[in-house]
Structure formats: structure tokens, C-alpha cells
Amino acid sequence: MPKGSVYLVGAGPGNPGLITVRAKELIESCDTLIYDSLVHPAVLALQKEKCEQIFVGKKSGCHSVPQAEIQSLIVAKAREGKLVVRLKGGDPFIFGRGSEEALFLRQEGVYFEIVPGITAAIGAGAFSGTPLTQRNSSSTLVIVTGHEDPEKPEISVDWANIPRVNSTVCVYMGISRLELIAASLMDAGFESDTAVACVEWATLGCQRVCRGSLGTICGDAKEFKLKSPAVIIIGENAGMGDEISWFESQPLQGRRFVVTRSQGQASELSEKLEKLGAEVIGLPLISISRNVNEQTRDDVFAELASYDWIVFSSPNGVRHFFDTFFEKFDDIRSLGFIRIAAVGKSTAKEISKFYVATDLIPEEANAESLADALVATESLDSAKVLLVTGNLGRDVLLKKLEEARAIVDRFEVYRTDPTDLSSDPAAKAFREQGADAILFTSSSGVKSFVDQAKDLVLSADAIRPKTVSIGPITSASMERLGVPRNFQAKEASLDSLVEELVRNFGKESN
Ligand code: SAH
């Protein structure tokens, strides 16, 4: 990918799983990312660290950045030698002004490529169970804009000549003009009982579908409090949703959860929730980075063979330990014949990624149980233990092991810092939309949530979230810091947390 070039990339309809392989590759490797509203925060999070992200979409209540300004910005960044991704919701050539940007780039002599994306109508059709074409009922697909601004020089829509017979009509940007659109189509000869499905936030966990007919849809939409963004699908097939809808029946569909973990860590929980249909906002409250004192590292590595146990108290510890280890050694056997303990299953899973087995995992995933389980092995007397932690590691483990007469060396490999949320897209989404629940999975997560509460104040019409804790230690921290708790997972594990959510927020629970 040559520097100084521009990629006009479609980000798909919203669900982060629906971007193309090519889009992912480009987002991961670009230097500058220029993006609009409606691009999911999880897609933005794919970008490599320390890259420039520039938001040029509409800020609530404000006008968007003028198109000419966006175009100049893209060219300027390319001229700086940057690999620029211009990311747009859906497809760049469907109501996305991608063609204007491409023409300008050609005129300026800047190299560009265009990467298509799944446009909103295609996403809305699939995720609402509305086939946009069908052998027996729809042979024509119309994609049309409902937003006609007399102030703007766009060509107007010829509603009277929209194909009426055996067609499916998908209207973008039409919610504020729904009444006019329905009336124009009926004037043009569409029957008032023609089926209509309005798909709001299509493909996302918070997707809602308002179904009706041309004659009823205005009232239906009001009652439903239908809001933009939505695609209005009109035609016989729009009535098929009840027969082949699938997304809406997933247990957590329609729910939005906030995951409070550092970026890398959030993905496992997010994936589990998304598989059940939920929408996840990953609030990167904390950022985790490697933090190794070189002297300590050298001392530890010099004595590696003399340790009896190596104890990992978090998956982050595992990752940063092995990254540090493999910088020094190129063979796993340099670890020696050391016994390995992990605080819980997620930590053990991380260890297994390095093809190393864990010898001991306590019943409950916390420092006390880990210490008890180690003591129960009766192997600690005068044993050398390497305790791998972060800067916030609790002293409980160290104390208990020393009480059992072990010689413990603490090896700090990472640190936890608060993230700047004032400009973070996920935090912005949370402030605007709220969520059904905030999930706390660590004490440090609770602490940073409280510390950063000023950047997380919800807007007036945002959904007020409940709070869920992964286990007793996190719950205790919540209590100590004055965060009320609604639910706690039965066991301190991600799976148990997910079960708790299905129990309390799942479709069956209604
Ligand atoms: N280039 C985009 C369209 C941009 S115009 C694409 O190809 O999809 C913005 C309009 O797209 C919105 O008003 C709405 O009608 C539609 N839209 C975009 N994302 C949507 C989503 N997730 N659900 C429903 N409609 C969406």
C-alpha cells in the first residue's frame, strides 16, 4: 500500500462484523482515518495505536464539516505522505458523496482506490428478514433518497414514476419525511395496504423494526418513536419479516451493554454478547501498556531456572510477561521446569496461547483462592515464587504466600492508566444513547469508571443503565466506591456473567 494514497472505504451498515476483509486490513494499517457519523466505535478501534483519527460527521446539534473542507483535508493528508482511509457508513457510492471525493482526488492527481461496503438497505433486508428481491414477488429493487432539500442542488426524486409493480423500494434518509413519502407513493398508485418495514439501526444489537402498511405507517412510526437512522422498505416482501426474521429472536437482541475494560481485553466478552444479538459499547476506560523495569527483568530472567512456581494474576500479565520473555529468549524451554499457576480460566487460556499448560487454577477466580490453592499444594516452604502482576496488583497474594514461607519475587510487567474519554467515540455513543447495563469485570474498571464519571454524563433521553458485576471482589469495590449494583454473576467468569445478563435482560425474561 503506497504512502500518500487514499482509500475510500465503506464501513458497512454498522455491525462491526460486516466490514470487508479489505476494509479491516486498510483500517489496521492506515496513518490517518477520516470518518463520518454511523461508523461503529469497534471499527475505529481496529486502527493501530497512535494513529490520527479525524471525525468529520455531524456533531449533535451542529452542522457537519463542509464537503469542500473534507476534500481538502483528505488531499492535504495524502500530500503529507500519509496512508489515508476515508471511512464512510455503508457503501461510499450510495448516498455517501464518495464520487465527489473520488473526482476531486483525480483532479488533484492523488492515487485512490475504492472499497465497497454493505449498504444500509442490504443490511436492513438481511437483518429484518425482508428479501429485497424474490422470484414471485419482487423483480425490481429501488434505492431512493427521502431527503430532498430545496436549498441543495440535488436532483429531485420522481415519486410518481417509482416502479410500483413487483418492486421493493428502499428509502434512505426518509424518517423526517415519512408522511410525505407515503402520501406521494399512494398518489402514484401504490395500494395503501402495501407492506412497509422501517428498520432502525439495522444490523446492530439495538436494531428495531416498525412494521405496517403505507396507510398506517405514519401513525405506527409515531407510536414506535421511530428515529433516524432507518431504512424504509416498501413492497410485498416487507411483509415477510414475521416468516423469516431471525435476528430479532436472539436472546439479547435489542439490548445495549457497556463493557468496561481496556481495548484488547474487551473483545472476548463483546464477542460472546454480540453472538447473542446484543450491541456492545466497549468503553476503553483503562489503557494497559507494558511496563517493565529493565533491572528487575534482567534479575528475574537470570534466575529463571531457580523458581519453583510462576504465578499469573491476570491475562494481561501473561501477555506482557511472554512478550518480554520472547524478546530475550527464542525458545520456550528457557522457562525451565517451572510450575505454573493462574488466577482463573481466562488467564489460563491466555497461557495456553503460548503452548504452555497451567498446573493450578483455583475454584474461584480471585487472589485469596489462588493463594489458598497454592498453600494447599504444600510446596511453598522455602520455595521461590515469581509473581507476575501489574502496577495495581493486590498485596493479598504476596502476603499469603510469604506467610506460607515462600520467597516471593514480584515482577511487574504492565501498568493501567485512565483513557481520555472526552473525545472517544465509544464514550460519545454512551453519553448520547445510554445503555441497558454497564458491566464491571474488574476493580480497576470500577475505579476508573468513577474517576472518569465526569466524561460519562448521559444526555437527557439516553437509556439509564443498570450495573452488573462479575463477582464478589468487583462488587466489593463497587460498594466501596459508591456504585450501586443491580446484579452479580453467580461465578466470577465471563460465561457466568453472560448467563446473568440473559437471565435478567434476555427476551425470555420479559
Ligand atoms: N452510504 C450509506 C448511506 C448514507 S446516507 C450506505 O450505503 O448505507 C444515511 C442514511 O443511511 C440514513 O439516513 C439511513 O437511512 C441509512 N442508514 C445508514 N446506516 C443505517 C443503519 N444502520 N440502519 C438503518 N439505516 C441506516
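Residues in the range 8-39 that are assigned to a strand (DSSP E or B) and surrounded by fewer than 22 Cβ atoms within 10 Å (Cβ to Cβ): T32 alone. Being of a type in the set (A, V, I, L, M, F, W, C) and under 28 Å from T441 (Cβ atoms) is the requirement here; does L335 meet it? When the stated conditions are applied, L335 does not pass them.
Would you call R394 among the basic types (K, R), part of a loop (DSSP other than H, G, I, E, B) and under 39 Å from the mean Cα position of the chain (by Cα)?
On the way: among the basic types (K, R): yes; part of a loop (DSSP other than H, G, I, E, B): yes; under 39 Å from the mean Cα position of the chain (by Cα): yes.
Taking the combined requirement at face value, the residue satisfies it.
Hey, K428 hits all of (1) farther than 24 Å from S475 by Cα; (2) of a type outside the set (S, T, Y); (3) in the same structural domain as D323 (by TED's automatic domain parsing) but one; which does it fall short on? Here K428 clears every test but (3). In summary, I288 fulfils each of the numbered conditions (1) within 15 Å of the ligand (Cβ to nearest atom); (2) among the β-branched types (V, I, T); (3) open to solvent by 10 Å² or more (accessible area, probe 1.4 Å) with the single exception of condition (1). Screening R135, R97 for residues that are within 13 Å of the ligand (Cβ to nearest atom), open to solvent by 20 Å² or more (accessible area, probe 1.4 Å) and free of Cβ contacts under 8 Å to residues at least 60 places away in the same chain leaves exactly one candidate, R97.
Is one or more of the residues making up the range 104-120 closer than 28 Å to F430 by Cα, of a type in the set (S, T, N, Q) and touching a helix residue (DSSP H, G or I) at 6+ places or on another chain (Cβ under 7 Å)? No, the range 104-120 has no match at all.
Against the definition (in contact with a Leu (Cβ under 7 Å, 6 or more places away or on another chain) and part of a loop (DSSP other than H, G, I, E, B)), how does R405 come out, yes or no? So that I can check it myself, show each step before the final result.
Working: in contact with a Leu (Cβ under 7 Å, 6 or more places away or on another chain): yes; part of a loop (DSSP other than H, G, I, E, B): yes.
Taking the combined requirement at face value, the residue satisfies it.
The condition (being modelled with pLDDT under 95 and either more than 16 Å from the ligand (Cβ to nearest atom) or under 26 Å from L204 (Cβ atoms) (or both)) is satisfied by just one residue among S72, S64: S64. Looking at A78, A102, A42, just one residue is open to solvent by less than 20 Å² (accessible area, probe 1.4 Å), of a type in the set (A, V, I, L, M, F, W, C), within 16 Å of the ligand (Cβ to nearest atom) and not assigned by TED's automatic domain parsing to the domain that holds G146, and that residue is A102.
Filtering the range 105-132 to residues that are in contact with a strand residue (DSSP E or B) (Cβ under 9 Å, 6 or more places away or on another chain) and more than 16 Å from the ligand (Cβ to nearest atom) leaves L105, R106, V110, Y111, F112, E113, P131. Among the residues here, V483 qualifies as open to solvent by 10 Å² or more (accessible area, probe 1.4 Å), farther than 15 Å from V280 by Cβ, not assigned by TED's automatic domain parsing to the domain that holds S37 and not in a helix (DSSP H, G or I). Of the helices (runs of 4 or more DSSP H) lying entirely inside the range 218-314, those carrying at least 2 residues that are in contact (Cβ under 8 Å) with a residue 12 or more places away in the chain and assigned by TED's automatic domain parsing to the domain that holds N504 are 263-275.
Checking L38, L26, L33 one by one, the residue that is touching a residue at least 12 places away in the same chain (Cβ under 8 Å) and farther than 27 Å from M173 by Cα is L26 and no other. Restricting the range 222-244 to residues that are under 21 Å from T203 (Cβ atoms) and surrounded by fewer than 16 Cβ atoms within 10 Å (Cβ to Cβ), the residue that is farthest from the ligand (Cβ to nearest atom) is E243. When L458, L401, L481 are screened for being touching a residue at least 12 places away in the same chain (Cβ under 8 Å) and under 30 Å from L38 (Cβ atoms), only L458 passes.
Checking each residue in the range 464-480 for being part of a helix (DSSP H, G or I) and open to solvent by 40 Å² or more (accessible area, probe 1.4 Å) picks out P472, I473, A476, E479, R480. Of the candidates G219, G215, G146, the single residue that is among the small types (G, A, S) and either within 15 Å of the ligand (Cβ to nearest atom) or open to solvent by 60 Å² or more (accessible area, probe 1.4 Å) (or both) is G146.
Can you find a residue in the range 82-92 that is part of a loop (DSSP other than H, G, I, E, B), charged (D, E, K, R), open to solvent by less than 60 Å² (accessible area, probe 1.4 Å) and within 9 Å of the ligand (Cβ to nearest atom)? Yes - at least one qualifying residue is present in the range 82-92. When residues in the range 167-208 are screened for being open to solvent by 80 Å² or more (accessible area, probe 1.4 Å), more than 14 Å from the ligand (Cβ to nearest atom) and not charged (D, E, K, R), 1 of them pass.
Tell me, please, whether a residue that is open to solvent by 30 Å² or more (accessible area, probe 1.4 Å) and within 16 Å of the ligand (Cβ to nearest atom) can be found in the range 257-265. Walk me through how you get there before you give the answer.
Keep residues of the range 257-265 that are open to solvent by 30 Å² or more (accessible area, probe 1.4 Å), which gives 261, 263-265.
With the extra rule that they be within 16 Å of the ligand (Cβ to nearest atom), the set shrinks to none.
Looking for residues that are open to solvent by 30 Å² or more (accessible area, probe 1.4 Å) and within 16 Å of the ligand (Cβ to nearest atom), one finds none in the range 257-265, hence no.
For the range 427-463, filtering for residues that are within 20 Å of G277 (Cα to Cα), open to solvent by less than 30 Å² (accessible area, probe 1.4 Å) and assigned to a helix (DSSP H, G or I) leaves 2.
The values are calculated or read from the model by the stated rules, or taken from the named source; none is laboratory data. Only a predicted model underlies this, so the values are computations on that prediction, with no experimental measurement involved. Please note: Cβ atoms are built from the backbone with ideal geometry, for glycine as well, and neighbour counts cover all protein chains shown. When the accessible area is computed, the model is the full protein with side chains, heavy atoms only, and any ligands, DNA or RNA have been set aside. Shrake-Rupley method; radii C 1.70, N 1.55, O 1.52, S 1.80 Å.
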